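The numbers here are math on the coordinates, done by the rules we state, and not lab data. Given the structure is predicted, the values throughout are model-derived calculations rather than measurements. So basically every Cβ, Gly included, is an ideal-geometry build from the backbone, and we count neighbours across all protein chains shown.
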Amino acid sequence: METELLDGLGVVQKRALLAECQFRSFRTPRDILRQGEVIDGFYMVEHGQVEVTYIDRQGNSIIVHIAGPGEVLGEVEALSGKPCAASCKALADARLLYCTAAQLLKHVPAEVLVVNLASVLHDRLLRDNRQRSIDHFLTADQRICLYLLQFTTAAQPELRINQTDLAALAGCSRQTVNRKLNELRLRDVIEISRGRVRVLLRAPLERETHATGADAELS
């Protein structure tokens, strides 16, 4: 299990921690964390993706992130005792590692945990700042291309998301997403199936997002 939260641990320490944790596999999508609930454990993504959703006071729901391998979900809430800031849903075929706060504190020295947790939070701060830039300076077509890159990799090229959710994520209409995805499909840049987009060629998407100097830390 490779995750920034466990950086600096020796092999023996990491094995001891993982031996106490629970691996959980999901054949179909399933909610794993709910906004507002208090939890005592968190998840680390080994394989697949987890959809992170925020619900505002008016009941509007929006996807704010899609977590992939190596990312951690719920560790701040589990350690602080604060309620979950968002809801998380494991998507089909995801494999996650569940760890309690007590297990983490038992096996990870405090000085290592503080540095690693600060590094994880720094990455999220960069992501939030990048998101603000995307919302302000990129066109709808560029935002769609950027999210296709951001939530896939060369090793994991498939994104499980429907067009309605991708439109909400990109801040545009479903019709705009449908048009852009069909354009990319006809150019053999992507493949589309129900609830899924598979990236075949990353370079054309990167060229579109770089047209206005978009951040390229995506691969």
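Test of the criteria: in the range 131-189, which trypsin sites (Lys or Arg not before Pro) are in a DSSP loop and have at most 15 other Cβ atoms within 10 angstrom of their Cβ? Working shown, then result.
On the way: sites: 132, 143, 160, 174, 179, 180, 185, 187; in loops: 187.
Here the trypsin sites (Lys or Arg not before Pro) that fit, given the DSSP loop and packing criteria, are 187.
Given Cα pairs under 8 Å that are at least 6 residues apart, what percent is the relative contact order of the chain? Write out the running numbers ahead of the final one.
Working: 365 pairs, mean separation 45.7, N = 219.
In percent, rounded to a whole number, it is 21.
In whole Hz, what ³J(HN,Hα) sequence does the range 184-195 give by Karplus (6.51, -1.76, 1.60; θ = phi - 60°), x for Gly and Pro?
Going residue by residue, I get 5, 5, 5, 8, 6, 7, 9, 10, 10, 9, 4, x Hz, with x marking Gly and Pro.
Looking at the range 1-109, which trypsin sites (Lys or Arg not before Pro) are DSSP coil and have at most 16 other C-beta atoms within 10 Å of their C-beta? Intermediate results must be reported in sequence, preceding the final value.
Values: sites: 14, 15, 24, 27, 30, 34, 57, 89, 95, 106; in loops: 27, 34, 57.
Here the sparse-neighbourhood loop sites are 27, 34, 57.
Give me the percent relative contact order of the range 139-212, please, defined on Cα pairs under 8 angstrom at least 6 residues apart. Spell out each step's value before the answer.
Working: 88 pairs, mean separation 28.7, N = 74.
Reported relative contact order: 39 percent.
Over the range 4-131, calculate the relative contact order: mean separation of alpha carbon pairs under 8 Å at least 6 apart, over the residue count, as a percent.
Numbers: 239 pairs, mean separation 48.4, N = 128.
Worked out over the range 4-131, it gives 38 percent.
From the backbone phi of the range 149-162, what are the Karplus-calculated ³J(HN,Hα) couplings (6.51 cos²θ - 1.76 cosθ + 1.60, θ = phi - 60°) in whole Hz, Gly and Pro given as x?
Going residue by residue, I get 6, 5, 9, 9, 9, 4, 7, 10, x, 9, 10, 8, 7, 8 Hz, with x marking Gly and Pro.
Projected onto the charge dipole of the chain (+1 at Lys/Arg Cβ, -1 at Asp/Glu Cβ, origin at the Cα centre), which of 115, 139, 76 gives the Cα projection farthest towards the positive end?
Of the options given, the answer is 139.
For a test of the definition: using alpha carbon positions, the gyration tensor, and the 1.5 limit on a/c, classify the range 139-212 as rounded, prolate or oblate. Kindly include the intermediate steps, with their values, before the conclusion.
Working: a/c = 1.38, a/b = 1.07, b/c = 1.29.
Rounded shape, in that the Cα axes give a/c under 1.5.
Whole Å is fine, so just give me how far the alpha carbon centre of the range 158-210 lies from that of the range 41-113.
Taking the Cα centre of each part, the range 158-210 and the range 41-113 sit 26 Å apart.
List the longest stretch of the chain that has no exposed loop site; here a site is one of the GluC sites (Glu not before Pro) assigned by DSSP to anything other than H, G, I, E or B, with at most 16 other Cβ within 10 Å. Each step should come with its number before you reach the end.
On the way: sites that count: 2, 37, 217.
By the stated rule (loop sites, at most 16 other Cβ atoms within 10 Å), 38-216.
For residue 14, which lysines qualify as cross-link partners when the Cα separation must be under 16 Å and same-chain residues fewer than eight apart are set aside?
Straight-distance partners of residue 14: 106.
In terms of the Cα gyration tensor, with a ≥ b ≥ c the square roots of its eigenvalues, is the range 4-131 rounded because a/c is under 1.5, prolate because a/b exceeds b/c, or oblate?
Working: a/c = 1.71, a/b = 1.39, b/c = 1.23.
Because a/c hits 1.5 or more and a/b exceeds b/c, the range 4-131 counts as prolate.
Taking a ≥ b ≥ c as the square roots of the eigenvalues of the Cα gyration tensor of the range 88-138, is the shape rounded (a/c under 1.5), prolate (a/b larger than b/c) or oblate?
Working: a/c = 4.58, a/b = 1.46, b/c = 3.13.
Judged from the Cα gyration tensor, the range 88-138 comes out oblate (a/c at least 1.5, b/c at or above a/b).
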